[in-house]
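Asks: One structure is given below, represented as structure tokens, and several questions about it will come after.
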Amino acid sequence: MSKRRGNSMNDHMDLDSLSDISRLHSIDQQQQNDRTKLSQPISDEPEQEQDTRPPNLTILQRFITNWLIMDPVLLEKYQHTKTPRRNYQVQKSEDLIYIYLFGGRFRTIKAKPISLLTGLVIFAGGILFWVFEASWLWHHISPSLVITFTYLWLLTAMFYIKSCTSDPGIVPRNLHLPKTIQDGKIKNPPDEYFNTVSLPYKVKGEKVQVKYCSTCHIWRPPKTSHCGVCEVCILNHDHHCIYLNNCIGERNYKYFLWFLLFSTSSCVYMMILTMIHLCHYRLVANSEIHDFATSVVRYPASLFLFIYSFIAWIYPMGLLGFHTFLTGKNITTREYLNYVYKKNKKTNPFVNVFTSHSILKNLYINWLGKSSGVALVRPRDKYTPGDIRFEAIAPLDIYSSEISLEDL
Ligand SMILES: [Zn+2]
Ligand SMILES: [Zn+2]
């Protein structure tokens, strides 16, 4: 038995498995640390530890902590009603790290909020444009330029918000629980739960591989992966974007693509408009300005905005090119990095069974044709006590006594 498990693990050992193992190590370590912390009495304020009564929050405080920015872990501590009323108020598993905004309508994760910095770059760019450029363009060239820029900027801001706060395609947890659970742990899981299983495909020799997620306790649908940052499985997982503080997957990939397109377009448009401002003296007879240097001295904000939009343009432009290439092939960033880029093409060829065999059709599917689908975990739905999707069950213990580290 142990041999079979060991070999099968070895056969299917890949980066994903390695990351799973290292994550399990870190979870174990974290749980040990937590236990150590809990076992140590806090000598300074022992009386407050005993007091489990929720503090008397004012209506404004409750509005802020229960609705505006809601951390379910904190709500667990401070809630006044014992039973949570909606799904977003339940977060029993400690490794889930979502924070909900506006009554569960938006979400983000408890990582470094670099998405706020991204938002600042977008919003500051728009505000600086309206303060320093819009009036001059409106009166000297045409109001249509300002209106077009504003429209592009609004689309960028909208797709930014949609990309970083919407559901990327989270798969509910605990859907495929094997055998018995004792003390929140799975006992004697079947062997196939440690293997990669190949599903049959219409073309002989080609296969679709699926794996069991030991943390979420589900058989992952094809193209689904576990995100080590969000600690959930994401359908059609593309990547975890630190600049948006969210995963990019089945339900928000389209928003992400359009965000890249419109942010790139806004930057290019701003570069063109600021250059028109700086070079306008060439188009006007009897202008007070006779050379570019004088124009820069006269309109320094235009030069600053040109440089600002150029710097802001570089990264989304690179990503836009990369994702246009990926969507043309209908593969995800993860598939590209794990199979196409790294793996040896001769010994382990990557067969993309999801391509439509037409670049245009692939592009259409990804950019326009696919709907964002249905949320499988709806945060604002009424919570049913005992809903297995929200129960805390320990990750599958792959280090059973039957398996040694050497086998892996
Ligand atoms: Zn998972
Ligand atoms: Zn993620």
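What follows draws every value from the coordinates through simple rules; no lab data is involved. Predicted, not measured: the structure shown is a model, and the values here were computed from it. FYI the Cβ positions are ideal-geometry reconstructions off the backbone, even for glycines, and counts take in every protein chain you see.
Asks: For the cross-link pairs 204/361; 254/361; 92/382; 223/382; 162/370, which exceed 19 Å when the distance is taken from alpha carbon to alpha carbon?
Replies: Result: 204/361; 223/382 exceed 19 Å.
Asks: Still on this structure, I have one more. In Å and whole numbers, how far do the C-alpha atoms of the stretch 126-167 stretch along each principal axis, longest first?
Replies: Computed over the Cα atoms, the extents are 44, 17, 5 Å.
Asks: Now a separate question. Where does each of 198-209, 257-268, 118-129 land if you order them by average Cβ count within 10 Å, highest first?
Replies: So the peptides 198-209, 257-268, 118-129, ranked by packing, come out 257-268, 118-129, 198-209.
Asks: Something else: Once phi is turned into θ = phi - 60°, what whole-Hz ³J(HN,Hα) does the Karplus curve with 6.51, -1.76 and 1.60 give for every residue of the stretch 112-119, x standing for Gly and Pro?
Replies: In residue order, the calculated couplings are 4, x, 5, 4, 5, 5, 4, x Hz.
Asks: For the stretch 237-282, with equal point scatterers placed on the C-alpha atoms only and solvent neglected, what are the log10 I(q)/I(0) values from the Debye formula at q = 0.24, 0.29 1/Å, to two decimals?
Replies: Relative scattering, expressed as log10 I(q)/I(0), comes to -0.82, -0.98.
Asks: Arrange 393, 114 by Cβ neighbour counts within 10 Å, fewest through most, would you?
Replies: The most exposed by this proxy come first: 114, 393.
Asks: Using amide H atoms built 1.01 Å from N in the peptide plane, name the residues 5+ places from residue 246, or on other chains, whose amide H lies under 5 Å from its own.
Replies: Residues meeting the criterion, in which the H sits 1.01 Å from N, are 241.
Asks: To continue, here is another question. Arrange the following residues from fewest to most other Cβ atoms within 10 Å of their Cβ: 279, 164, 216, 241.
Replies: In order of increasing Cβ crowding within 10 Å: 279, 241, 216, 164.
Asks: I need 191, 381 ordered by Cβ neighbour count within 10 Å, fewest first.
Replies: So the ranking, lowest neighbour count to highest, is 191, 381.
Asks: Give a residue-ordered list of calculated ³J(HN,Hα) values for the stretch 380-394 (Karplus: 6.51 cos²θ - 1.76 cosθ + 1.60, θ = phi - 60°; whole Hz; x for Gly, Pro).
Replies: Those phi angles translate into 8, 5, 5, 7, 9, x, x, 4, 4, 5, 10, 6, 8, 10, 4 Hz.
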